[in-house]
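Undergrad: Sending over a structure as structure tokens; questions will come in a sec.
The values are calculated or read from the model by the stated rules, or taken from the named source; none is laboratory data. On a predicted model such as this, the values are computed, not experimentally measured, just so you know. Virtual Cβ from ideal backbone geometry, glycine too; neighbours counted across all protein chains shown. Side chains included, ligands, DNA and RNA excluded: accessible areas come from the protein's heavy atoms. Shrake-Rupley method; radii C 1.70, N 1.55, O 1.52, S 1.80 Å.
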Amino acid sequence: MTQKLRRRILELETISMDLEPSELTRNEYLIHIQDFANRFINGMGSAKVYSHEKVNDESLLIDGNKKTLKRVIDIYAKEVAGKGITAASGGHLGYIPGGGLFTSALADFLADITNEYAGLYYASPGAVTIEKKVLDWMKTVFGFPFSATGSLTSGGSVANLIALTAARDHHNIKPEKIRYSVIYLSRQTHHSVQKALKIIGLEEVIIRYTDLDENFRIEPGRLRKQIEDDIASGLNPFLVIATAGTTDIGAIDPLRDIGEISRAYKLWYHVDAAYGGFFILTKQKKELFRGIELADSLVTDPHKGLFMPSGAGAVLIRNREAVFHSFQYTANYMQDSVLSGQEVYNPADVSPELTRHFRALRVWLPLQVHGIEPFIACLEEKLLLTEYFRNRLNEKGFMTGPVPDLTISYFWYPAEKTDQDSCNRRLLELILQDGHVFFSSTIINGKFVIRMAVLSFRTRLGTIDKAIEVIQDARIKLDKELSIQ
Ligand SMILES: *Cc1c(COP(=O)(O)O)cnc(C)c1O
């Protein structure tokens with residue numbers, strides 16, 4: 001009986017051993033990956049950034065059969081890397097450009113090889129301590145006390161979700177209170193905030209959109225007046241949300257004024273700095289972030305301002321008890337993980353996740369290997385590139401939006417005697433047809449504009465010169481089309 005069992009187990013082992021490639025095979029695999037990575041990175045400068053070609057569904061089908069890694073990588077190159085927006089490219093100047101540091105990719109490789117369990121200190125004290133060090137560094141950057149807590153998330157959306165849950169719990173917004181509780185935000189607040197409010201059961205809460213100044217920033221005077229009026233009419237204001245770098249135009253709300261108002265009325269102060277946060281590291285912009293240290297919770301995305309690959313967000317929360325209310329749990333099967341009498345940081349206590357990616361390494365390793373200086377230089381470079389870009393556009397006769405706080409701005413072609421919106425829509429189409437740079441669009445004050453966001457670490461002077469060339473060519477084509485009409 002036992003013999004038969006042993007034989008069958010060994011039979012299965014020979015098949016399942018395919019999951020543990022030999023050193024020889026591992027080296028072959030690594031060479032294929034390395035070849036692809038080099039080809040991709042070396043070719044990115046001249047390759048198109050955008051392709052609207054459809055994905056060939058068939059070739060991505062899981063049919064259960066073995067294929068060589070080489071073949072799989074070829075499929076990846078064609079169907080994945082080659083279609084849609086090349087997020088890793090410097091020519092990506094739309095939405096919020098992605099990063100994709102090589103050293104982050106190496107960190108992911110390491111983290112996956114040793115497969116650290118990054119939810120609990122007990123399981124991997126090293127991994128969890130690295131996460132804590134990343135958070136401690138961020139606390140220093142943003143002027144938070146070390147007693148604050150936080151966690152690294154998949155991105156700004158989940159980070160907002162965690163922060164807003166803590167705000168809800170700290171102010172004890174139970175169902176019976178929701179209908180007369182008030183949250184203050186702006187029309188420029190990122191939609192992930194609204195999404196988070198719905199998810200955490202605050203859909204019925206009263207939302208006040210505070211008036212904005214001409215640069216789309218919250219007007220503190222108006223905010224104060226709204227809060228006072230709401231208190232006078234018996235409502236329950238509890239949360240104010242400011243943005244440090246709005247998605248449409250990169251504006252920074254007056255953080256200090258809003259923070260002081262929030263404190264005065266004992267409201268939870270949340271700052272969404274997902275896009276803009278790390279510009280605090282630059283000499284030019286530091287001042288604009290004054291008051292961010294007053295926040296009760298703060299969201300920032302290393303996968304934006306620190307150029308990490310997608311899947312690196314962060315949340316800081318000043319009051320640990322507030323966040324533990326909803327996120328800290330114990331269970332019988334977890335009893336071994338509670339170290340007796342020791343207070344340790346467990347990321348799982350500040351996150352909806354338990355088993356989670358050791359994402360701290362992809363932030364920590366690049367900061368160790370490169371040091372902080374190139375990151376700051378890169379952010380300063382992006383600020384200057386934005387200024388340069390806007391100047392060049394103006395020289396060429398394009399209109400640009402107001403001087404931006406950070407690196408998001410917009411432009412339009414002031415075509416005469418024709419509908420400007422459809423004209424600029426067409427201009428964007430022509431730019432995307434070329435495909436060497438990518439822009440997205442937005443509506444500002446009811447007007448269609450082409451939006452530019454300079455944040456990829458690979459966007460350099462040459463990229464902007466190329467962008468100007470592409471835009472000029474598109475405009476010439478557009479002019480021809482208009483003259484034929
Ligand atoms: C990008 C962004 C978000 C959402 O973050 P994800 O990382 O995409 O989930 C939230 N707020 C602001 C201001 C952003 O720029």
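Undergrad: Among the residues that make up the stretch 338-350, is at least one of them open to solvent by 20 Å² or more (accessible area, probe 1.4 Å) and either in a helix (DSSP H, G or I) or on the phi > 0 side of the Ramachandran plot (or both)?
TA: Checked against the condition, which is being open to solvent by 20 Å² or more (accessible area, probe 1.4 Å) and either in a helix (DSSP H, G or I) or on the phi > 0 side of the Ramachandran plot (or both), the stretch 338-350 yields at least one hit.
Undergrad: Further question: So is Leu135 of a type in the set (A, V, I, L, M, F, W, C), under 26 Å from Ala251 (Cα atoms) and within 16 Å of the ligand (Cβ to nearest atom) or not?
TA: The answer is no for Leu135.
Undergrad: Mind counting the residues in the stretch 273-312 that are in a loop (DSSP other than H, G, I, E, B) and buried (at least 24 other Cβ atoms within 10 Å of the Cβ)?
TA: Step one: of the stretch 273-312, the residues in a loop (DSSP other than H, G, I, E, B) are 274-276, 282-285, 290-291, 295-296, 301, 306-312.
Of the ones still in play, those that are also buried (at least 24 other Cβ atoms within 10 Å of the Cβ) are 274-276, 295-296, 301, 306-308, 312.
Number of matching residues: 10.
Undergrad: Then there is this: I'd like the full set of residues that are open to solvent by 30 Å² or more (accessible area, probe 1.4 Å), touching a residue at least 12 places away in the same chain (Cβ under 8 Å) and either part of a loop (DSSP other than H, G, I, E, B) or touching a strand residue (DSSP E or B) at 6+ places or on another chain (Cβ under 7 Å) (or both), limited to the stretch 67-114.
TA: Of everything in the stretch 67-114, those that are open to solvent by 30 Å² or more (accessible area, probe 1.4 Å), touching a residue at least 12 places away in the same chain (Cβ under 8 Å) and either part of a loop (DSSP other than H, G, I, E, B) or touching a strand residue (DSSP E or B) at 6+ places or on another chain (Cβ under 7 Å) (or both) turn out to be Gly82, Ile85, Ala87, Tyr95, Ile96.
Undergrad: Kindly provide the set of residues from the stretch 160-191 that are surrounded by fewer than 21 Cβ atoms within 10 Å (Cβ to Cβ), without any contact (Cβ under 8 Å) to a residue 60 or more places away in the chain and within 16 Å of the ligand (Cβ to nearest atom), ordered by number.
TA: Passing the criteria: Arg187, His191.
Undergrad: Shifting gears a bit: Looking at (1) over 25 Å from Ala107 (Cα atoms); (2) assigned to a loop (DSSP other than H, G, I, E, B), which one does Glu353 not meet, given that it meets all the others?
TA: It is condition (1) that Glu353 fails.
Undergrad: Looking at the stretch 185-270, what helices (runs of 4 or more DSSP H) fall wholly within it and have at least 1 residues that are at pLDDT 95 or above and under 21 Å from Lys304 (Cα atoms)?
TA: 191-199, 255-264
Undergrad: To continue, here is another question. In the list Phe389, Phe411, which residue meets the criterion of being modelled with pLDDT of 95 or more, part of a helix (DSSP H, G or I) and surrounded by 22 or more Cβ atoms within 10 Å (Cβ to Cβ)?
TA: Only one candidate qualifies: Phe389.
Undergrad: Applying the selection to the stretch 37-52, what residues are surrounded by 12 or more Cβ atoms within 10 Å (Cβ to Cβ) and under 26 Å from the mean Cα position of the chain (by Cα)?
TA: Of everything in the stretch 37-52, those that are surrounded by 12 or more Cβ atoms within 10 Å (Cβ to Cβ) and under 26 Å from the mean Cα position of the chain (by Cα) turn out to be Ala37, Phe40, Ile41, Met44, Gly45, Ala47, Lys48, Val49, Tyr50, Ser51.
Undergrad: Take the residues of the stretch 192-209 that are surrounded by 18 or more Cβ atoms within 10 Å (Cβ to Cβ) and more than 16 Å from the ligand (Cβ to nearest atom): which is farthest from Val350 (Cα to Cα)?
TA: This residue is Arg208.
Undergrad: Now, a different point. So how many residues does the stretch 144-159 have that are within 11 Å of the ligand (Cβ to nearest atom) and of a type in the set (A, V, I, L, M)?
TA: Qualifying residue count for the region: 2.
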